[in-house]
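Asks: One structure, pasted below without further comment.
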Amino acid sequence: MARAPIVWRLGTVTEIIEETPHARTIALDAPDWPGHLAGQHVDVRLTAEDGYQAERSYSIASAPESTMLELTVERINDGEVSPYLTEDLRAGDQFELRGPIGGPFTWRVQDGGPLLLIAGGSGLVPLMAMLRHRAANGSDVDTRLLVSARSQADLLYRDELARLAQADGLEASYTLTRSRPEGWTGFDRRVDAPILTRVGPSPATAPLVFVCGPTPFVERVADRLVELGHRPQAIRTERFGPTGV
Amino acid sequence: MSPISRGFRGRPRRDVDPARIPPGQYTVNDFPVLSAGPTPRTPLDEWSFTIQGEVDRPVSWPWADFLALSSETITVDIHCVTKWSKLDTTWTGVSVDTLLEGIDTEAAYVTAWCDGGYTTNLPLDDVTGGRAWVAYRFGGDPLDPEHGGPARLLVPRLYLWKSAKWVRGLTLTLEDRPGFWEAAGYHNRGDPWAEQRYWSD
């Protein structure tokens with residue numbers, strides 16, 4: 001497959017979906033979008049009236065099969081770009097983007113499994129693209145999803161994940177690290193070795209592992225996975241922030 | 001011409017000389033971490049640094065011998081392809097010129113290779129002439145594993161993915177061989193001032 005050049009395109013916002021109090025999904029019409037793999041990201045470039053520009057990267061949330069390109073953006077307090085994208089941007093607005101970008105942090109159904117997806121906060125976004133890609137292809141590959149969030153209100157895509165989890169072979173687990181609703185039956189602490197063992201699959205089954213989240217989360221989870229016997233080469237990581245502090 | 005993003009003002013840094021910031025970059029005060037897999041943790045008694053490839057005889061230094069090489073402390077600006085730049089970072093390490101002293105080679109390129117399997121390719125010209133170091137201290141302290149410790153390559157003139165973390169050696173080559181990110185769609189050279197982020201830039 002010839003690679004499409006990574007050039008700036010003008011995207012038009014077609015819809016904005018409020019996901020949590022701090023995150024929203026931006027659906028875009030991006031002319032001549034060359035397609036993407038689940039797990040990849042785009043670069044976004046905003047231009048102020050005085051010509052000042054700011055560029056940032058955001059993970060693609062939509063499956064490659066989706067007709068719309070969707071980004072889910074979490075507001076970073078004190079950020080320069082995410083407050084604009086999560087508060088000021090409206091349908092009909094335009095901004096430049098280019099991509100798709102990213103190689104190793106991708107999964108295609110033909111890559112098989114078992115699959116272990118571990119998200120900290122909005123690190124769920126690229127993993128959601130993988131789950132949507134899996135669903136779009138009717139795949140029943142053994143997939144374990146573990147999502148760590150501060151509170152239930154911070155969980156992205158709750159309803160859709162509940163629907164997806166009814167599919168064959170997908171088990172979704174959650175841990176809430178700061179506050180939990182009454183009657184919560186999920187995990188209640190930061191991801192540790194016992195949680196990873198409970199979620200599985202066993203390192204002996206040689207799963208493909210994708211971990212995405214804030215740097216300390218990813219560092220800790222990747223260290224625990226290696227200690228539990230997962231092969232370092234099978235663990236793909238993507239880290240973000242905090243930057244601009 | 002880029003279209004105006006309605007209502008976007010941004011927050012240009014007034015306290016930073018814009019001439020020091022490559023296009024599309026913004027400055028940070030913290031030190032973000034980026035890598036494609038778990039952080040390798042090689043014990044220092046198993047660590048060595050090797051120069052191999054197009055050389056008469058490969059050279060290798062165990063950790064203690066490496067620390068005994070003459071070192072330099074430099075203050076440089078670093079630029080990551082994920083858009084952040086960090087100004088005035090201070091590192092201590094061994095100049096690649098020092099490592100290549102007395103080595104006779106026809107090579108025009110090097111591949112840096114690392115614990116964890118990471119590789120990156122560079123023209124020899126980008127790592128010689130006082131342009132690159134194998135750094136083992138950051139800001140006066142031993143380099144953290146998550147930032148590439150015990151030692152990483154430091155090539156401040158190129159995007160930071162060229163400054164390979166957990167570096168264990170350089171292979172000198174006659175031909176250019178794309179490394180990990182270079183084979184995954186990133187630019188082969190990665191000059192931040194030309195905004196060479198991706199292969200088609």
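The values are calculated or read from the model by the stated rules, or taken from the named source; none is laboratory data. The structure displayed is predicted, hence computed values, not measured ones. FYI the Cβ positions are ideal-geometry reconstructions off the backbone, even for glycines, and counts take in every protein chain you see. Heads up: the accessible areas ignore ligands, DNA and RNA and are worked out on the full protein's heavy atoms, side chains in. Shrake-Rupley method; radii C 1.70, N 1.55, O 1.52, S 1.80 Å.
Asks: For the range A:54-94 and the range A:97-151, what is the separation of their Cα centres, given in Å?
Replies: First find each Cα centre; the distance between them is then 18 Å.
Asks: Let me ask something else. Can you give the FRET efficiency for A:ARG180 and B:ALA68, using 1/(1 + (r/R0)^6), R0 = 45 Å, r = Cβ-Cβ distance, to the nearest 0.05?
Replies: 0.25
Asks: Pop the C-beta distance of A:ALA136 and A:ASP159 into the FRET formula with R0 = 25 Å and round what comes out to the nearest 0.05.
Replies: Step by step, r from the Cβ atoms, then E = 0.90.
Asks: Rounding to the nearest 10 and keeping the result within 0 to 90°, find how far the Cα-based axis of helix A:215-228 lies from the longest principal axis of chain A.
Replies: So the inclination is approximately 30 degrees.
Asks: With springs connecting C-alpha atoms under 10 Å apart, model chain B as a Gaussian network and identify which of B:ARG137, B:ARG189, B:ARG41 has the largest mean-square fluctuation.
Replies: Residue with maximal mean-square fluctuation among B:ARG137, B:ARG189, B:ARG41: B:ARG41.
Asks: Take the Cα pairs of chain B, get the Kirkwood Rh, then feed it into Stokes-Einstein at 10 °C and 1.306 mPa s and tell me D in µm²/s. Numbers along the way, then the final one.
Replies: Values: Rh = 17.7 Å.
Estimated via Stokes-Einstein, D reaches 90 µm²/s.
Asks: Next question. Using a simple spin-label model with points 7 Å from Cα along the Cα→Cβ vector, what separation in nm is obtained for B:SER2 and B:ASP104?
Replies: 5.2 nm
Asks: For peptide B:32-45, what's the mean number of Cβ atoms from other chains within 10 Å of each residue's Cβ? Show your work: numbers first, answer last.
Replies: Working: counts 8, 9, 5, 7, 9, 12, 19, 7, 2, 2, 0, 0, 0, 0.
For this peptide, the per-residue mean of nearby foreign Cβ atoms is 6.
Asks: May I ask for the equivalent-ellipsoid semi-axes of the protein assembly as shown, computed as the square root of five times each C-alpha gyration tensor eigenvalue and listed largest first in whole Å?
Replies: 37, 27, 20
Asks: Probe of 1.4 angstrom, ligands and nucleic acids ignored: what's the accessible area per residue over chain B, in square angstrom?
Replies: Working: 8850 Å² over 201 residues.
Result: 44 Å² per residue.
Asks: Distance between Cα centroids, the range A:15-32 to the range A:163-208: provide it in whole Å.
Replies: Measuring centre to centre over Cα atoms gives 27 Å.
Asks: Right, another one. Roughly how big is the A-B contact, given as buried accessible area in Å² (both sides, 1.4 Å probe, nearest 100)?
Replies: 3700 Å²
Asks: Hey, in the GNM for chain A with a 10 angstrom Cα cutoff, which one of A:LEU46, A:LEU116, A:LEU146 fluctuates hardest?
Replies: A:LEU46
Asks: Label B:ASN29 and B:ASP45 with points 7 Å out from Cα along Cα→Cβ: what is the distance between them in nm?
Replies: 4.2 nm
Asks: Okay, moving on. Note down the Stokes-Einstein diffusion coefficient of chain A in µm²/s, whole number, using a Kirkwood radius over alpha carbon pairs, 37 °C, and 0.692 mPa s. If you can, show how the numbers build up before the last one.
Replies: On the way: Rh = 18.5 Å.
Using the Kirkwood radius from Cα pairs, D works out to 177 µm²/s.
Asks: Now a separate question. From the phi of every residue in the range A:120-136, what ³J(HN,Hα) in whole Hz does the Karplus formula 6.51 cos²θ - 1.76 cosθ + 1.60 yield, where θ is phi - 60° and glycine or proline is x?
Replies: Taking θ as phi minus 60°, the curve returns x, x, 6, x, 5, 4, x, 6, 5, 4, 5, 5, 5, 5, 4, 5, 4 Hz for the range A:120-136.
Asks: Also, quick follow-up: Taking Cα centroids, how far is the range B:142-190 from the range B:42-60 in Å?
Replies: One Cα centre to the other: 16 Å.
Asks: Which residue, B:PHE138, B:PHE31, B:PHE66, tops the fluctuation ranking in a GNM of chain B built on C-alpha contacts under 10 Å?
Replies: Judging by the Gaussian network model, the answer is B:PHE31.
Asks: Additional query: Run the numbers on the range B:157-201: which residues show a drop of 50 Å² or more in accessible area, chain on its own versus all protein chains together, using a 1.4 Å probe over heavy atoms?
Replies: Output list: B:TYR198, B:TRP199.
Asks: Convert each backbone phi in the range B:97-114 into a coupling constant with the Karplus relation 6.51 cos²θ - 1.76 cosθ + 1.60 (shift: θ = phi - 60°), then list the ³J(HN,Hα) values in order as whole Hz, x for Gly and Pro.
Replies: Along the range B:97-114, the couplings run 4, 5, 5, 8, 4, x, 8, 9, 8, 8, 4, 10, 9, 10, 10, 8, 10, 9 Hz.
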